[in-house]
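Below is one structure, written out as structure tokens; comments come after it.
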Amino acid sequence: MMRSTKVLFSLSKNGFNKEITPALTRLQSTAAQPAPAESKPAGKEKKMNKEVKPSLSFVMNMFRGAAVTDQAIPYPYTLSSEEKETLEMLVDPTEKFFEECNDAMKNDAMEKVDETTMQGLREMGAFGLQVPAELGGVGLNNTQYARLVEVVGMNDLGVGITLGAHQSIGFKGILIAGNPEQKAKYLPKVASGEQMAAFALTEPSSGSDAGSIRSRAVPSADGSHYVLNGSKIWISNGGMAEVFTVFAQTPVTDPKTGATKDKVTAFIVERAFGGVSHGAPEKKMGIKASNTAEVYFEDTKIPVENVLGGVGNGFKVAMEILNNGRFGMAAALSGTMRYSIKKALDFATSRTQFGNRIDTYGTIQEKLARMAMLHYVTESMAYMISSNMDAGSKDYHLEAAISKCFASEAAWHVTDEAIQVMGGMGFMKESGLERVMRDLRIFRIFEGTNDILRLFVALTGLQYAGGHLRELQQALKNPAANMGLILGEGTKRARRAIGFTKGGPIEGVHPNLSESAMLLGRGIEAFGYCAEGLLMKHGKNIVHEQFLLNRLANSAIDLYAGLVAVSRASKSLTENLPSCTHEEKIARVWVNEASDRVQLNLTAVKSSVSQSNFKDLASIAKDLCDNGNIVAERPLGI
Amino acid sequence: MSLRVLVGCKRVIDYAVKIRVRPDKLGVVTDGVKHSMNPFDEIAIEEAVRLKEKKIAKEVIAVSCGPTQAQETIRTALAMGADRGIHVEIPAKEMEKLEPLHVSKILAKLAEQEQAELVIVGKQAIDDDSNATAQMTAALLDWPQATFASKLEKTDGELEVTREVDGGLETIKVKLPAVVSSDLRLNEPRYATLPNIMKAKKKKIAKMKPKDLGVDLASHLEVVEVVDPPTREAGIKVEDVDTLVTKLKDAGRI
């Protein structure tokens, strides 16, 4: 890196001349090299040759070391006064309904949502919150939906998944990718809850690797319908749904080459089409009230009008659906955390041990404060993303992925700590936390495992950065036309190489948080530098370096979390809200600690000790797998 | 014969809130505290809406007196099925001094203006527990009253009302027009569903001031003091009945 930087530095001093060629070759030798395209995270083809489309996503641009805060600062508030008024009218009745008409403990024990509650939910309009009013729904936008979903999350995650599997993914495809006929036909009945919907993608041999599904839909000879065969597992609402969004391989012929290959297509499948059956409800660790079942399709005839989003576009449709609903998870889990934290606070402020109330002890104080920090960040992410989406942004999928990872892990940790604060009481069913703990475990797994999402964030960001790198390389081929870019890059890299930080804090932050803004600015720069370094060193092969990618992803998560916290606290300070000082403390501590973690993670990406550790870790894993059991000899030899 | 029903609904501190006495001891803390519709008034609205569903009533008008937030209460009534609302604007400061007599005068005037044939209110509000508005409204209108209603039935030109009284249940007949106050067991109010709340936004709420109705809000009552009830003292366990009797005598209770 140093060598190429030195060359560029001299470039900027002497203008363009013969030095360009050595620079060019030097860069090219360390740049993206063609590598065999092997098994990458399902379908996320990392083509380093893609054109760079400018993005307003903060996370995307972090990979270039740039702080693009258009969507983040000031903290967005996109509700019109009418939308706000509407929302205010809806929150209380929703809370009241859940407090009075839903018994989460009973639903968990019976492993189903009480029928009276289901009927109440239907009448409440809870099944079609985002369906337009003309089609029988409540017509809420993303932010309003997030606020109501928060209420659900606070009360009963089992019901939350029943509702979410139905509208957040079950029929969301029709809402975002359906044509007017499909919308008019299906949305009214699912919005009223008369018919339940489900999202059927996962198969026994295809979980994270969604592109490898085996269900097939073959077009009929007369082209009027498809015949679907396949089996899906772990489908929420699978045992009750009438309307399914099913993903299956369909033979697609390339018009130019005439070659036929399988591509995934999304279909709207009605149980009434025939050949649809389901298995018994799965016995689960948590969200027991939510129905999870296998669904089988045997020669199910699907009219060709029910293709959703176009033949061969199934994978894209699936990703869009999941992307679109992710913010809801962060919102729901904010509600869950609020519940857990309240339980912990009630206990900590009334329990006395060793002569003092336990909330006077540092250990407990740290737990409570950290719980509140995790909640604050999650809540800030949820509403920032929902507001971005409402404002029409299309650049939010990395942020959404991060929010899902963060929220699910934060909620698990918060509830775990709440149980700890409550001691033995926390372990007892009647305290109401053990059920929540069990319910929360799945959130790190479904809708894209956190592991996959981390790789997705890292690789998508790197692809974007890689694109920019290529842009720079191309600029160097034609420096006359691209002097600005070259000079800009040159000075930037030179400063980094010398050790000068850009000196740029994030802009637009309240003065009280200027130090945090500085830390974030530096963190982003170091992050971009690290990302670029990885691309230079590994090129396309970076896809295989999961140890490194995970550290990059964790840094990205910490930096985005820091940004949202600082943005929201800044807004509160500017508006002088009663809680602004409290929020300022949260944001400051978060960024202080996050920037340390980022430094650690980024160093690990480059340090030789870490690299050696990773090699050893991989080797340990291999030994274990080869042995099928613990490898180390027993200490006693017996 | 289709009735026009006027229903009074009051915005009060939510029943689940922990009440705190104000430092000046002249009232309770209301700032930032959760408010909702008086539960007995919800029952009143529910009854009126049910009458409409049975085609006994043709229109249900929800009335609330109070500051701007009173509109939220009216909207809840509209979401439950009331047809339109009337908001009698009274600023927060004056709300503290609002008495049942004032409200009764307002309701009486509105009943006349709107040509209502039935006025239903909750038997009492959970903040002041006055249990006076229904009675005074009837008196001002010179209409019969049926208070503490736990059952309401319409017979030709009359209402048959079952009342909850100390001794049990009493059934009376009242001629229309009449004033009814709802008791707990009259019905179980429906939940305002989200679609209905959205539809309620389109229903009209007329605004007016007490003086538009010729009602003057001069005070007849003065709050002297508001204090917490005395904290409950610990009890003592006694061994037998004789000791119990002795202790009660010592305490001057018997």
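The number of residues in the range B:205-220 that are surrounded by 10 or more Cβ atoms within 10 Å (Cβ to Cβ) and either touching a residue at least 40 places away in the same chain (Cβ under 8 Å) or within 11 Å of chain A (Cβ to nearest Cβ) (or both) comes to 10. Scanning the range A:392-422 for residues that are without any contact (Cβ under 8 Å) to a residue 24 or more places away in the chain and not β-branched (Val, Ile, Thr) yields A:Gly392, A:Lys394, A:Asp416.
Give the residue, chosen from A:Met384, A:Met337, that is more than 17 Å from the chain's Cα centre (by Cα), part of a helix (DSSP H, G or I) and surrounded by 24 or more Cβ atoms within 10 Å (Cβ to Cβ). Walk me through it before giving the result.
Working: A:Met384 fails: more than 17 Å from the chain's Cα centre (by Cα).
Just one listed residue meets the conditions, A:Met337.
For B:Ala149, the conditions (1) touching a Pro at 6+ places or on another chain (Cβ under 7 Å); (2) surrounded by 20 or more Cβ atoms within 10 Å (Cβ to Cβ); (3) more than 24 Å from B:Val88 (Cα to Cα) all hold with the exception of (1).
Can you pull out the residues in the range B:176-204 that are away from chain A (no Cβ under 13 Å) and either assigned to a strand (DSSP E or B) or free of Cβ contacts under 8 Å to residues at least 24 places away in the same chain (or both)? Matches in the range B:176-204: B:Ala178, B:Val179, B:Val180, B:Ser181, B:Ser182. The set of residues from the range A:429-451 being hydroxyl-bearing (Ser, Thr, Tyr) and assigned to a helix (DSSP H, G or I) comprises just one member, A:Ser431. Being within 14 Å of another protein chain (Cβ to nearest Cβ) and either assigned to a loop (DSSP other than H, G, I, E, B) or surrounded by 13 or more Cβ atoms within 10 Å (Cβ to Cβ) (or both) is the requirement here; does B:Ile172 meet it? In short, no. Among the residues of the range B:119-135, is any hydrophobic (A, V, I, L, M, F, W, C), farther than 22 Å from A:Asp92 by Cβ and surrounded by fewer than 22 Cβ atoms within 10 Å (Cβ to Cβ)? Yes, the conditions are met somewhere in the range B:119-135.
With the structure loaded, tell me whether A:Glu203 is among the charged types (D, E, K, R), more than 14 Å from chain B (Cβ to nearest Cβ) and out of contact with any Phe, Trp or Tyr (no Cβ under 7 Å at 6 or more places or on another chain) or whether it fails that test. When the stated conditions are applied, A:Glu203 passes them.
Take the residues in the range A:69-87 that are surrounded by 16 or more Cβ atoms within 10 Å (Cβ to Cβ) and outside any loop (DSSP other than H, G, I, E, B); name whichever of them is nearest to the other protein chains (Cβ to nearest Cβ). Within the range A:69-87, the match that is nearest to the other protein chains (Cβ to nearest Cβ) is A:Thr86.
Take the residues in the range A:562-585 that are among the aliphatic types (A, V, I, L, M) and surrounded by fewer than 21 Cβ atoms within 10 Å (Cβ to Cβ); name whichever of them is nearest to A:Glu507 (Cα to Cα). Walk me through how you get there before you give the answer.
From the range A:562-585, those among the aliphatic types (A, V, I, L, M) are A:563-566, A:569, A:573, A:577; that's our starting set.
Of the ones still in play, those that are also surrounded by fewer than 21 Cβ atoms within 10 Å (Cβ to Cβ) are A:573, A:577.
Numbers: A:Leu573: 15, A:Leu577: 21 Å.
That would be A:Leu573.
Going through the range A:222-242 one residue at a time, which ones are assigned to a loop (DSSP other than H, G, I, E, B) and surrounded by 18 or more Cβ atoms within 10 Å (Cβ to Cβ)? Outline the logic, then answer.
Of all residues in the range A:222-242, those assigned to a loop (DSSP other than H, G, I, E, B) come to A:222-224, A:237-240.
Result: A:Asn237, A:Gly238, A:Gly239, A:Met240.
Among strands (runs of 3 or more DSSP E) entirely within the range B:8-73, having at least 3 residues that are touching a residue at least 60 places away in the same chain (Cβ under 8 Å) singles out B:11-13.
Kindly evaluate A:Gly328 against the criterion of being under 22 Å from A:Gly153 (Cβ atoms) and part of a helix (DSSP H, G or I). Before you say what the answer is, go through the steps one by one.
Numbers: under 22 Å from A:Gly153 (Cβ atoms): yes; part of a helix (DSSP H, G or I): yes.
So A:Gly328 passes the test.
Scanning the range A:127-174 for residues that are part of a helix (DSSP H, G or I), over 21 Å from the mean Cα position of the chain (by Cα) and farther than 23 Å from A:Val113 by Cα gives A:Ala133, A:Glu134, A:Leu135, A:Ile174. What about A:Ala133, is it within 14 Å of chain B (Cβ to nearest Cβ), small (Gly, Ala, Ser), surrounded by fewer than 22 Cβ atoms within 10 Å (Cβ to Cβ) and farther than 15 Å from A:Gly193 by Cβ? It is true that A:Ala133 is within 14 Å of chain B (Cβ to nearest Cβ), small (Gly, Ala, Ser), surrounded by fewer than 22 Cβ atoms within 10 Å (Cβ to Cβ) and farther than 15 Å from A:Gly193 by Cβ.
Taking the range A:88-124, which residues are under 14 Å from A:Gly432 (Cβ atoms) and either away from every other protein chain (no Cβ under 11 Å) or surrounded by fewer than 19 Cβ atoms within 10 Å (Cβ to Cβ) (or both)?
A:Glu99, A:Asn102, A:Asp103, A:Ala104, A:Met105, A:Lys106, A:Asn107, A:Asp108, A:Ala109
Within the range A:244-272, the residues that satisfy the criterion of being β-branched (Val, Ile, Thr) and either at pLDDT 95 or above or crowded, with 24+ Cβ neighbours inside 10 Å (or both) are A:Thr245, A:Val246, A:Thr250, A:Val264, A:Thr265, A:Ile268, A:Val269.
Among the candidates A:Val269, A:Val264, A:Val311, the residue that is out of contact with any Gly (no Cβ under 8 Å at 6 or more places or on another chain), in a strand (DSSP E or B), over 30 Å from A:Arg435 (Cβ atoms) and in contact (Cβ under 8 Å) with a residue 40 or more places away in the chain is uniquely A:Val269.
Somewhere in the range A:591-607, is a residue surrounded by fewer than 18 Cβ atoms within 10 Å (Cβ to Cβ), over 21 Å from A:Met373 (Cα atoms) and small (Gly, Ala, Ser)? The answer is yes; a qualifying residue exists.
Does the range B:58-93 hold any residues that are farther than 16 Å from B:Val103 by Cβ, more than 14 Å from chain A (Cβ to nearest Cβ) and buried (at least 23 other Cβ atoms within 10 Å of the Cβ), and which are they? If the condition is that a residue be farther than 16 Å from B:Val103 by Cβ, more than 14 Å from chain A (Cβ to nearest Cβ) and buried (at least 23 other Cβ atoms within 10 Å of the Cβ), then B:Val60, B:Ala82 are the ones that fit. The residues in the range A:54-68 that are among the aliphatic types (A, V, I, L, M), crowded, with 24+ Cβ neighbours inside 10 Å and in a loop (DSSP other than H, G, I, E, B) can be counted, and the count is 1.
The values are calculated or read from the model by the stated rules, or taken from the named source; none is laboratory data. It should be emphasised that the depicted structure is a prediction, and the values quoted were computed from it without experimental measurement. Cβ sites come from the backbone with ideal geometry, for glycine too, and all protein chains shown count toward neighbours.
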